[in-house]
Amino acid sequence: MSKKVIIIGGVAGGASCAARLRRLDEEAEILILERGDAVSFANCGLPYHLSGAIAKREALILQSPESLHSRFNLDVRLHATVTAIDRAAKTLTVQDTAGNRTYTEAYDVLVLSPGAEPVSPPIEGLAGASHIHRLRHLADMDGILAEIPQARHATVIGGGFIGLEVAENLRERGLDVALLEGSPQVLGPLDPEVVAPLHTELLSQGIDLRLETQVTGFADEGRTVHLNDGSSLETDFTVLAIGVRPESDLTKAAGLDLSDRGAILVNDQLQTSDPDIYAVGDAIQVRDFVLGYDTLVPLAGPANRQGKLVADHICGREVAYQGTLGSSVLKCFRLTAASCGNNEKTLKKMDLPYQALHLYPSDHAGYYPGANSLLLKVLYRPSDGALYGAQCVGHSEVHKTIDIIATAIYGGLSVYDLADLELCYAPPYSTAKAPVNFAGYVAQNVRDGLAIQPATCLDDLAADGAYILDVRTPAEYKAGHIKEATLIPLDDLRGRLDDLPKDRPIYIHCAIGLRGYYAARLLTQKGFDVVNLGGGFRLYSGLKNQLKARPLPAAPAPGPADQTAPTSLDLTGLRCPEPILEAARHLAAAPAGQPLRLVLPDSQVEEVRRYCTAQGASIEESRANGTTTLTVTPAGRTDQAPRGLAFVLYTADPKKITTALTLATSARAQGVPVDTVFAYWAIRSLAKSPDAGPFAGSNDLTTGLTRAADFLARFHMDPTDRLAGCLRRSLNKPSQPDLQAALDRARTAGVNLLACRTSMEAFRLTDGDLIDPAQPVDLNDYLNRSDRQTTLYI
């Protein structure tokens, strides 16, 4: 005897259940009741028809009642709203809104696929406003499309998947768009540092992004939006996309069990509290696949899978829904963001032990055009490497990377197993060491003793006075750095080990973490306590500067035909830090006023732009196909101040210091800006009292030698080396009057007198011990920002 199965709701879950059921049982009577005007349409594609990316409306309609009847012998009824379920009689009350009639329909098995409906908060002016829209059905899309021709500005409320997609597509349509989000970030399933590039991208594309902004009311039918800061936003229409809730009112009326959040409760076979009634899709509560907690995951993929499983169980097959991983992907203008499993926010909330890895692997071979970095975050359990989840953002290969990790989670692989996966590779598509392989290697290094923390903690480390080591190049440092960090380039590190502390941890960072790893391995083997800051300065600065992006400039108008063509430099095939080093080298060699065109991967643009700006160059910018072209024009010298001159004095000899000051005074008299930096033994020349510091009260060389030993040890100098000669020269009194006169002349001429802060500390000198107007300065920071002067070392 055949069964009569009624499915309430079509689209992903209901339609897939009906089609699968027919493939398993040719005799079953299958009825789909859909209250809308389409039984199977691509609701995920609705935003893309707003911009015209999906040109034809009919392309969104996947199946019609006629096609489903012809192919699967399904009875599909549109405009059929179920108003009541009588579980005892196993009947439904159905209202035919098109035919204006009500009837009763009996069932043997009932499948609920009502989906989720947009949240409508109790905001003043919302109810009935004609210029406020939602986006769930084709009719909603049609309402928004009717607004666009006469509109210049649109407001989107909510920064989730739908909100971002609607904002992007309205902007692509040519509208000015304000995107309002009540929390500190868009796209909640991602952690803040991973979503930061999306904020930057939204702003650069001209989206008026307003975070931590709530709507308090509407006026003028939705054309005026009142905000929690007391201001108002004038707009032509508003799209409400602040989230969804399970549509379970019918289920509640039928007496079926619901969760505290109103979701339909189901067992592993997707049966409700009534075994003859199943439920699938956005309306049901599911179990998190990784950690087993109850959750809601309104995604099309799980709904399709659930519909098929229900059909199998109805036909007597053994099935069990294993839970939902929440794998998702989003396009945001030129970027793609994807995630699977649990984020760090959830792990912290559940107080679970975890390790977070932040990586910047290339999306394909660096020497193949168009390569860019991905930002990949992987979370796992330290004890055994079990994967909790992953997030990724970039220009390409993003969804592939997350799909691999999602598959690994379902297959029970650990993070360490990722290193052994054999994946497809060719230069246009990936790298020989794929991003997920890279994650596995880093996790193995952590397991084997490499201490690693995310570079997002740099501010906290600086506030705590930690020793922060920057192993990037001077050019990268000039483009941006944390002021508390000590710069020692990786290639110089072996020769400067004595400059590093052995009595406390050293926190190392580079641009993205790789050179930091090399430095960590070197220093660990030399007996230092080190921590590598994963993600490096790019992760830190990306989070710090995410809301400072500038809108993309309009394409520059073509110049005169005889205009000098810029020299072009393609830097897309270079790996970090080579793009910024090459840009710095060519910019330094370029004649003033001669444009230099730099073609860069988008992931390297910010560093190079900051460096060029610091050099006084003007920049024009354009972007296409994952690359950015910076047309950089070096600043001319004719209308600038003369190039500066700096004397860095390390000597203890008063005669040499006097000579340097005389030269400095002469240069300053010719209008040249001059700095004199006093370091090591020279610092004593800036002391008000010649007996200050470790020499205080010393009347003989032996006492001076003894009291200076501590000073020499702080600079890792051998106290038996040139100590005697240095001190004899520093205590040479006959030249002191000449030195004092030279200092007086330099001060009068306007020579800047600067004291090395580290040397002051070594000599126990305070700011009050310095002659006026000498000022303390951090020597490393000074040397790395003094790019427009000639520096002489004495």
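All of the numbers you see were taken from the coordinates with simple rules; none came from a lab. These figures come from a predicted structure and were not determined experimentally. Virtual Cβ from ideal backbone geometry, glycine too; neighbours counted across all protein chains shown.
Take the Cβ-Cβ distance between ALA432 and GLU578 as r, set R0 to 25 Å, and report the resulting FRET efficiency rounded to the nearest 0.05. Efficiency for this residue pair is about 0.85.
Give me the one-decimal nm value for the distance between modelled label points at ASP417 and ALA592, 7 Å along each residue's Cα-to-Cβ direction. About 6.4 nm separates the two model spin labels.
Between ARG610 and ASP492, what is the label-point separation in nm under the 7 Å Cα-to-beta-carbon projection? For ASP492 paired with ARG610, the spin-label model returns 1.9 nm.
Counting only DSSP H runs of at least 4 residues, each contributing -39500 (n - 2.57), and dividing by the residue count of the chain, the helix-based mean residue ellipticity at 222 nm comes to -9000 deg cm²/dmol. Simple spin-label estimate for THR659 and ALA749 gives 1.6 nm between the two label positions (7 Å along the Cα-to-Cβ direction from each Cα).
Shown is the FRET efficiency for GLN740 and GLN444, computed with R0 = 56 Å from the Cβ-Cβ distance and rounded to the nearest 0.05: 0.35.
Just in the range 352-410: which chymotrypsin sites (Phe, Trp or Tyr not before Pro) are loop by DSSP and have at most 13 other Cβ atoms within 10 Å?
Answer in residue order: TYR367.
Each of TYR680, TYR293, TYR425 was scored by other Cβ atoms within 10 Å of its Cβ. Listed from fewest to most, they are TYR293, TYR425, TYR680.
Please report the antiparallel percentage of the DSSP beta bridges confined to the range 120-242, to the nearest 5. Bridges in the range 120-242 are about 30 percent antiparallel.
Sites counted here are GluC sites (Glu not before Pro) in a DSSP loop (not H, G, I, E or B) having no more than 13 other Cβ atoms within 10 Å; the longest part of the chain that contains none of them is 423-794.
At full extension, ASP176 and SER232 could sit 18.6 nm farther apart than now, given 0.36 nm per residue minus the alpha carbon distance. Backbone phi angles across the range 223-235, fed through the Karplus curve with coefficients 6.51, -1.76 and 1.60 (θ = phi - 60°), yield HN-Hα couplings of 8, 10, 10, 8, 10, 5, 8, x, 8, 10, 10, 8, 8 Hz in residue order; Gly and Pro are listed as x. Assigning unit charges at the beta carbon (Lys, Arg +1; Asp, Glu -1) and nothing else, what dipole magnitude in debye, to the nearest 20, does the range 334-447 show about its Cα centre? So the dipole magnitude of the range 334-447 works out to roughly 360 debye. Between helix 398-410 and the chain there is an angle of about 70 degrees, using the helix long axis and the longest principal axis of the Cα atoms. Taking each residue as 0.36 nm, the span from ALA451 to ASP778 lengthens on full extension beyond its C-alpha to C-alpha distance by 114.8 nm. Rounded if a/c is under 1.5, else prolate if a/b beats b/c, else oblate: with a ≥ b ≥ c from the C-alpha gyration tensor eigenvalues square-rooted, which is the range 446-551? Prolate shape, in that a/c is at least 1.5 and a/b is the bigger ratio.
Applying the Karplus relation 6.51 cos²θ - 1.76 cosθ + 1.60 with θ = phi - 60° to the range 66-82 yields 3J(HN,Hα) values of 5, 5, 5, 5, 5, 8, 10, 6, 9, 8, 10, 10, 8, 6, 10, 9, 7 Hz, where x marks Gly and Pro. Mind checking the angle between helix 435-447 and the chain's longest principal axis? C-alpha axes, 0 to 90 degrees, to the nearest 10. Orientation of helix 435-447: about 60 degrees from the principal axis. For GLN775, the residues whose amide H sits under 5 Å from its own are LEU753, LEU754, ALA755, ignoring neighbours fewer than 5 places away on the same chain, with H placed 1.01 Å from N. Bridgeable lysines around LYS308 (alpha carbons under 22 Å apart, same-chain partners fewer than 8 residues away excluded): LYS3, LYS4. Annotation: amide H-H contacts under 5 Å for TYR467 (H modelled 1.01 Å from N, sequence separation of 5 or more, or interchain): TYR507. Going through (1) 1.26; (2) 1.09; (3) 0.99, the figure that equals Rg/Rh (Cα atoms, Kirkwood Rh) as computed for the structure here is (2). Annotation: amide H-H contacts under 5 Å for VAL648 (H modelled 1.01 Å from N, sequence separation of 5 or more, or interchain): VAL677, LEU792, TYR793, ILE794.
Along the range 257-267 the Karplus relation, 6.51 cos²θ - 1.76 cosθ + 1.60 evaluated at θ = phi - 60°, assigns HN-Hα couplings of 6, 10, 7, 4, 8, x, 7, 6, 7, 9, 8 Hz to successive residues, with x for each Gly and Pro.
The charge dipole of the chain, taken about its Cα centre with unit charges on the Cβ atoms of Lys, Arg (+1), Asp and Glu (-1) only, comes to about 2480 debye. The simple Förster model, with R0 at 25 Å and r as the Cβ-Cβ distance, assigns GLU26 and THR97 a FRET efficiency of 0.20. Compute the acute angle (0 to 90°) between the alpha-carbon long axis of helix 514-525 and the principal axis of greatest extent of the alpha-carbon atoms of the chain; round to the nearest 10°. Helix 514-525 and the main axis of the chain meet at about 60 degrees.
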